[in-house]
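A short worksheet on the structure shown next.
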Amino acid sequence: MTSHPTTLRPDGDPAAFHRGVAAGFTALVESTAADDWDAPAPVEGWTARDVVRHLVEWLPALLESGAGVTIPSGPSVDDDPVRAWRVHVDGVQTMLDDPASADLVLRNPHLGEVPVPDAVSRFYSPDVFMHTWDLATATGRPHGMDADLAATLLAGMEPLDEMLRHSGQYGAKVEVPADADPVSRLMGFVGRRPA
C-alpha cells in the first residue's frame, strides 16, 4: 500500500481514512487463495478466516446497539469470506460517505457519546489496519502497511498502555529491537511477534 499522508490519518476525514486503510486489507482478502483461509493467524486460536470474521462482526454489533445503525451483511464468513468482507466494507464506506452520518451518535457505556464517523476512525479503522498484518502473516504475504500511520497509531496508544492491557483486547507487549520499523513496533505493542 502506498503512503497517503492526507488520507491515512485517524484525525482526518473518517471516510477517507477508512477508504485508505480498508484498501490494503481488501487487497489481501481478495487475493487470498481458497486453501489459505484455514491457515493459522498470529492471534492465538484464530485462522485467516477468523481475522475477517472479527472485523465483519464487531462493528455492526456496536453500531446497531449503540446508534441504531445497520450495516449490510453478506454471506457468512464460513461460506464466502471474500464476499462477506466486500459487502461489509462497502456498507461501512457507504455509511461514512453519506453526509448524514455526521449526525449519527454512538452511545456506549465505555465510550460515552461519540459521533459515529469519529468512532469508526478511532476504533474500527485502526483495527482494520492492525489486522492487515495478521491476515498477511497468516497467508504468507507482504503486509504493505503504511509506516507513518503505524507510528501515529503507536504514539496514540502508548500513553494508554495500562488501560489497553486491562481491556483484554491486546496481548502482552512483545519487545522488539529499538531500531525496528514502525509497523513492527506497533505490532509488538499490541502483542504480536513481528520477528
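For region 118-125, indicate whether the set of residues that are of a type in the set (Ser, Thr, Tyr), in a loop (DSSP other than H, G, I, E, B) and either crowded, with 16+ Cβ neighbours inside 10 Å or not assigned by TED's automatic domain parsing to the domain that holds ARG19 (or both) is non-empty. Scanning region 118-125 turns up no residue that is of a type in the set (Ser, Thr, Tyr), in a loop (DSSP other than H, G, I, E, B) and either crowded, with 16+ Cβ neighbours inside 10 Å or not assigned by TED's automatic domain parsing to the domain that holds ARG19 (or both). Among the residues of region 61-85, those identified as surrounded by fewer than 17 Cβ atoms within 10 Å (Cβ to Cβ) and either within 18 Å of GLY24 (Cβ to Cβ) or of a type in the set (Asp, Glu) (or both) are GLU64, ASP78, ASP79, ASP80. Is it the case that some residue within region 155-166 is assigned to a helix (DSSP H, G or I), closer than 15 Å to VAL21 by Cβ and not assigned by TED's automatic domain parsing to the domain that holds GLY24? Within region 155-166 (the criterion being assigned to a helix (DSSP H, G or I), closer than 15 Å to VAL21 by Cβ and not assigned by TED's automatic domain parsing to the domain that holds GLY24), the answer is yes, since at least one residue qualifies.
Taken over region 7-22, the criterion of being under 11 Å from the mean Cα position of the chain (by Cα) and small (Gly, Ala, Ser) is satisfied by ALA22 alone. When ALA195, ALA180 are checked against the criterion of being of a type in the set (A, V, I, L, M, F, W, C), at pLDDT 95 or above and more than 20 Å from PHE123 (Cβ to Cβ), a single residue qualifies: ALA180. Considering region 34-57 alone, what residues qualify as being of a type in the set (A, V, I, L, M, F, W, C) and without any contact (Cβ under 8 Å) to a residue 24 or more places away in the chain? Across region 34-57, the qualifying residue is only ALA34.
Do we have ASP148 as touching a residue at least 60 places away in the same chain (Cβ under 8 Å), in a helix (DSSP H, G or I) and surrounded by fewer than 19 Cβ atoms within 10 Å (Cβ to Cβ) here? Taking the combined requirement at face value, the residue satisfies it. Here ASP36, ASP50 are screened, and the one residue that is within 19 Å of the chain's Cα centre (by Cα) and acidic (Asp, Glu) is ASP50. Reported count of residues in region 44-60, each being surrounded by 19 or more Cβ atoms within 10 Å (Cβ to Cβ) and not in a helix (DSSP H, G or I), is 0. For VAL176, state whether it is among the aliphatic types (A, V, I, L, M), outside the structural domain of GLU44 (by TED's automatic domain parsing) and without any contact (Cβ under 8 Å) to a residue 60 or more places away in the chain. Considered against the rule, which asks whether it is among the aliphatic types (A, V, I, L, M), outside the structural domain of GLU44 (by TED's automatic domain parsing) and without any contact (Cβ under 8 Å) to a residue 60 or more places away in the chain, VAL176 comes out as yes.
Consider region 23-43 and keep the residues that are polar (S, T, N, Q) and crowded, with 17+ Cβ neighbours inside 10 Å. The one that is farthest from ASP79 (Cα to Cα) is THR26. Filter region 175-195 down to the residues that are crowded, with 16+ Cβ neighbours inside 10 Å and in a loop (DSSP other than H, G, I, E, B), then identify the one that is nearest to the chain's Cα centre (by Cα). If we take residues in region 175-195 being crowded, with 16+ Cβ neighbours inside 10 Å and in a loop (DSSP other than H, G, I, E, B), then VAL190 is nearest to the chain's Cα centre (by Cα).
Just give me the residues in region 61-101 being part of a loop (DSSP other than H, G, I, E, B), of a type outside the set (D, E, K, R) and touching a helix residue (DSSP H, G or I) at 6+ places or on another chain (Cβ under 9 Å), in sequence order. Result: VAL69, THR70, ILE71, PRO72, SER73, GLY74, PRO75, SER76, VAL77.
For region 102-117, the tally of residues that are surrounded by fewer than 16 Cβ atoms within 10 Å (Cβ to Cβ) and in a helix (DSSP H, G or I) stands at 2.
The values are calculated or read from the model by the stated rules, or taken from the named source; none is laboratory data. Everything numeric here is computed off the predicted structure, so don't read it as measured data. Ideal geometry is used to build each Cβ from the backbone, glycine not excepted, and the neighbour counts take in all protein chains shown.
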